[in-house]
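Chemist: A single structure is presented below for examination.
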Amino acid sequence: MATPGFAIPRGGGEHIGPVTPLLGEILVGRCGITPEAIERALGKQREEGGLIGEVLVRLKLIDEEQLAFALSLQSEMPYLEKLPRAEDIPVDLIDKLPINFARQRLVLPLGRDGSGRVIVAVADPNSVDVIDAVSVLLSEPVEPVIASSVKIVEHINKTYTRLRGTHELEESGKKEDDEGGEEFQNEELVDMLDANDEAPIIRWVNSLMFQAAKEGASDIHIRPGEKDILVRYRVDGQLREAKRAPKKFQQSILARVKIMAGLNIAEKRLPQDGRIRRKIAGKDVDMRVATAPTAAGESVTIRLLDRSSVLLGLADIGFATDHLALIRAIIARPHGILLVTGPTGSGKTTTLYACLSEINSPDKNILTVEDPVEYQLEGISQTQTNAKIDLTFASGLRSFLRQDPDVIMVGEIRDRETAEIAITASLTGHLVFSTVHTNDAAGGITRLVDMGIEPFLVASSLVGLLAQRLVRKPCYACARPVRPSDEALVELGIDPDRFFRGAYDLPAVKGMRPPPVGTVFETVGCATCNQLGYKGRTGIYELLMVNDAVRRLALAKADAGSIRNAAVEDGMVALRFDGARKVMQGMTTIEEVMLTTVESSD
């Protein structure tokens, strides 16, 4: 079963000279590394030991690709810059190679060449024993090629994930620890793909989590019915049915989830909250579990948080260049309050984390009080509220003021006490980030006044209010450009004549994929997006800068509509029009913007 079209590149194995050169010489001569960098790494190697290549990567003097290329030149072994797609790697090869062996030894079979030899990617050309072991396991001759360790690990995860799906195996979790649902910061997690439990309920429950993580779901809903148990995933904000199980397994399934989350399996009358942490296909995934009693039995909601994913920066969450410049000017201020508004699930916390990551530096003391702490941010002190010990947003914020902070993030301003302390903090030289639940940016001002805050305090402390929504992005594998109707464009706030002439001067947005001039994307549906037509989400924003005109209206206790109109006259891009800009740039669809901005379009 040869892999058609698979060929080994022969450019990497050229001879450098009659004597095998040193790795440092190759890096200096062929990869542009300075001799000073090599000397620094050699000094570190003398202190700590290890291979020179690993030391250079650890010091960030070279990257994994440069190391792999240099090793290929040194060993005269072919260098493979681009590995074949995971779905193109023959299943019969990966089926014979245990995933633990592949991960530990950084080796992966890729396919067969024309002569019947198995092409095997390795990170270390000197690991002859590993290459020989692979040949024995596969019972075939092998031809090694060099690839970066990062790409090999990434392909191992993708390939063995597909292997489990091909064999319709239910991924099982690691054996339970006595500690239950505690946050194991230093726990060595076992990957679900490596685990080998055979209990049917364990396999079934873990398969829910594995498949949800694979599809990028944010939530798993387990709802008991009269005849069966329904499981739904929320993907890109939309719920869809994923599985069903017979009613007779209800108690076993719920007990399994409770054990994993460290909850009391005997308590069925009261709601409970817990956490699960697992490694799935190489990624650390945190899961928040909430149970609630219903007429048909306990329902369970599991929120999935990918701990190993890199937190998004401000430039990656959909800000246009004009909004990006304004938000960066706000977070660079020494004091004041930035409020992010929007309904639950609109990405407010992600935006605040992006702001904190942008300004996080050793010379700033940043403190947060959250409910709950969703992601751990390096170098930032994060506190989770706990009602049992009276640790609320207000009490946490009050104690923070004695910790000499520069920046404070409060998860949400829910009451007058929290709002007063936040305003006091901003007026005494602190930069404060927080959220409120309002439909638009102007509503944040009136909400604070409604809480009983004096208007002059609101006007003097606020520097900006950001309203946002999440809209789904079209699946670019199947989306097609179409000519929209004039009526749809007008309802969206777009002048049809200017649109069809391509006369709109749109600010740049990272990751945009514009359709041809005079068209927008229409969703279709394909295997890539599970026939949904959408894949992924981005943000649309409305940033209200608190200027003199807005302050005067706030002091006069003006309604949100008057404040919003004044801000628009001063140049604020309204939420719906920012959505319209994203439509014209191919980042979402007309239907998505109309659906998510219907309440704030007036």
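Chemist: From the P(r) of the range 527-587, can you give the percent of Cα pairs sitting at distances over 17 Å?
Modeler: Tail of the P(r) past 17 Å holds 54 percent of the pairs.
Chemist: Now a separate question. Set the Förster radius R0 to 51 Å, insert the Cβ-Cβ distance between D415 and D88 as r into 1/(1 + (r/R0)^6), and round the FRET efficiency to 0.05.
Modeler: With a Förster radius of 51 Å, E is 0.35.
Chemist: In nm, what is the difference between 0.36 nm times the number of residues separating E215 and N360 and their Cα-Cα distance?
Modeler: Separation in residues times 0.36 nm, less the Cα-Cα distance, equals 49.0 nm.
Chemist: With every protein chain left in place and a probe of 1.4 Å, what is the accessible surface of R480, to the nearest 10 Å²?
Modeler: My reading of the accessible area for R480 is about 120 Å².
Chemist: Continuing with this model, one more query. Ranked by accessible surface with a 1.4 Å probe, highest first, in what order do T159, T344 come?
Modeler: The ranking, largest first, comes out as T344, T159.
Chemist: Then there's this: Past the 21 Å Cα-Cα mark, which pairs from K214/K247; K214/K283; K258/K279; K248/K283; K44/K279?
Modeler: From K214/K247; K214/K283; K258/K279; K248/K283; K44/K279, over 21 Å: K214/K247; K248/K283; K44/K279.
Chemist: In whole angstrom, how far apart do the alpha carbon centroids of the range 411-467 and the range 231-303 sit?
Modeler: Value for the Cα centre distance between the two parts: 36 Å.
Chemist: Got a sec? What order do R414, R483 fall in by accessible area at 1.4 Å, biggest, i.e. largest, first?
Modeler: Result, largest first: R483, R414.
Chemist: Then there is this: If you roll a 1.4 Å probe over the heavy atoms of the protein chains, what accessible area per residue do you get for the chain, in Å²?
Modeler: Per-residue value: 47 Å².
Chemist: Moving on to the next point. How big is the accessible area of S135 in square angstrom, nearest 10, if you roll a 1.4 angstrom probe over the protein chains?
Modeler: 40
Chemist: Rounded to the nearest 0.05, what FRET efficiency do R30 and D505 have when you use their Cβ-Cβ distance and R0 = 35 Å?
Modeler: 0.20
Chemist: Computed on alpha carbon atoms, what radius of gyration and Dmax characterise the range 444-602, expressed in Å?
Modeler: Here Rg and the maximum Cα pair distance are 18.2, 56 Å.
Chemist: Let me cross-check Y375: its accessible surface, 1.4 Å probe, with only protein heavy atoms counted, in Å² to the nearest 10?
Modeler: Estimated to the nearest 10 Å², Y375 gives 50 Å².
Chemist: Kindly give Rg over Rh for the range 205-355, based on alpha-carbon atoms, with the Kirkwood expression for the hydrodynamic radius.
Modeler: Rg/Rh: 1.07.
Chemist: In addition: Hey, got a sec? Which GluC sites (Glu not before Pro) in the range 195-279 land in a DSSP loop and have at most 10 other Cβ atoms within 10 Å?
Modeler: Qualifying residues, ordered by number: E198, E226.
Chemist: Please quote Rg/Rh for the range 365-408 to two decimal places, taking the Kirkwood radius as Rh and restricting both calculations to Cα atoms.
Modeler: Expressed as Rg/Rh, it is 0.95.
Chemist: Let me have the 222 nm mean residue ellipticity of the chain computed from DSSP H runs of 4+ only, each contributing -39500 (n - 2.57), with the sum over all residues rounded to the nearest 500.
Modeler: -10500 deg cm²/dmol
Chemist: Then there is this: With no other cysteine's Cβ closer than 4.7 Å, which Cys residues of the chain count as lacking a disulfide-compatible partner?
Modeler: When partners are defined as cysteine Cβ atoms under 4.7 Å apart, the chain leaves C31, C355 without one.
Chemist: Let me ask something else about it. Averaging over every viewing direction, what projected area does the convex hull of the Cα atoms of the range 23-80 cover, in nm²?
Modeler: That works out to 3.6 nm².
Chemist: Between E378 and L137, what is 0.36 nm times their sequence separation minus the Cα-Cα distance? Round to one decimal in nm.
Modeler: So the chain would gain 82.6 nm between E378 and L137.
Chemist: So what's the convex hull volume per residue for the Cα atoms of the range 376-535, in Å³?
Modeler: Looking at the range 376-535, the number lands at 204 Å³ per residue.
Chemist: Please give the Cα centre distance for the range 355-404 versus the range 556-601, rounded to the nearest Å.
Modeler: 31
Chemist: What number comes out for the charge environment of A242, summing +1 per Lys or Arg and -1 per Asp or Glu over other residues with Cβ under 12 Å away?
Modeler: Counting the neighbours of A242, the net charge comes to +4.
Chemist: Given the alpha-carbon gyration tensor of the range 308-459, what are the semi-axes of its equivalent ellipsoid in whole angstrom, ordered largest first, with each equal to the square root of 5 times an eigenvalue?
Modeler: 21, 19, 16
Chemist: Round to a whole angstrom and tell me the spacing of the C-alpha centers of the range 77-146 and the range 476-537.
Modeler: 43
Chemist: Another question, then. On a 0 to 90 degree scale, rounded to 10, what angle separates helix 348-359 from the longest Cα axis of the chain?
Modeler: 70
Chemist: Rg(Cα) of the range 62-153 divided by 2.2 N^0.38 Å?
Modeler: Compactness ratio reported: 0.99.
Chemist: Can you work out the FRET efficiency for the pair F456 and K388, with r the C-beta to C-beta distance and R0 = 35 Å, to the nearest 0.05?
Modeler: Plugging the Cβ-Cβ distance into 1/(1 + (r/R0)^6) gives 0.40.
Chemist: Just the Cα atoms of the range 332-400: what Rg and Dmax do they give in Å?
Modeler: So, for the range 332-400, Rg and Dmax equal 12.8, 36 Å respectively.
Chemist: How far, in degrees from 0 to 90, does helix 560-569 lean away from the longest principal axis of the Cα atoms of the chain, to the nearest 10?
Modeler: With rounding to tens, the tilt is 70 degrees.
Chemist: OK, next. What is the P(r) of the chain, as percent of Cα-Cα pairs per 20 Å bin from 0?
Modeler: 16, 42, 36, 6, 0
Chemist: Tally Lys/Arg at +1 and Asp/Glu at -1 over every other residue whose Cβ is under 14 Å from the Cβ of A425; what's the total?
Modeler: Net of charged neighbours comes to -1.
Chemist: Compute the long axis of helix 128-138 from its Cα atoms, compare it with the longest principal axis of the Cα atoms of the chain, and write down the angle in degrees, 0 to 90, nearest 10.
Modeler: The angle comes out at about 90 degrees.
Chemist: Kindly sort E420, E87, E487 by accessible area of their heavy atoms, largest first, with the probe set to 1.4 Å.
Modeler: Final ranking, largest accessible area leading: E487, E87, E420.
Chemist: Could you give log10 I(q)/I(0) at q = 0.10 Å⁻¹ for the range 275-360, computed by the Debye formula over C-alpha point scatterers of equal weight, without solvent?
Modeler: -0.40
Chemist: Between D63 and L305, what is 0.36 nm times their sequence separation minus the Cα-Cα distance? Round to one decimal in nm.
Modeler: 84.3 nm
The values are calculated or read from the model by the stated rules, or taken from the named source; none is laboratory data. In this text, all values refer to a predicted model and were calculated from it rather than measured experimentally. Glycine gets a Cβ as well: all are built from the backbone with ideal geometry, and neighbour counts include every protein chain shown. Calculation scope for accessible area: heavy atoms of the full protein, side chains included, ligands and nucleic acids excluded. Shrake-Rupley method; radii C 1.70, N 1.55, O 1.52, S 1.80 Å.
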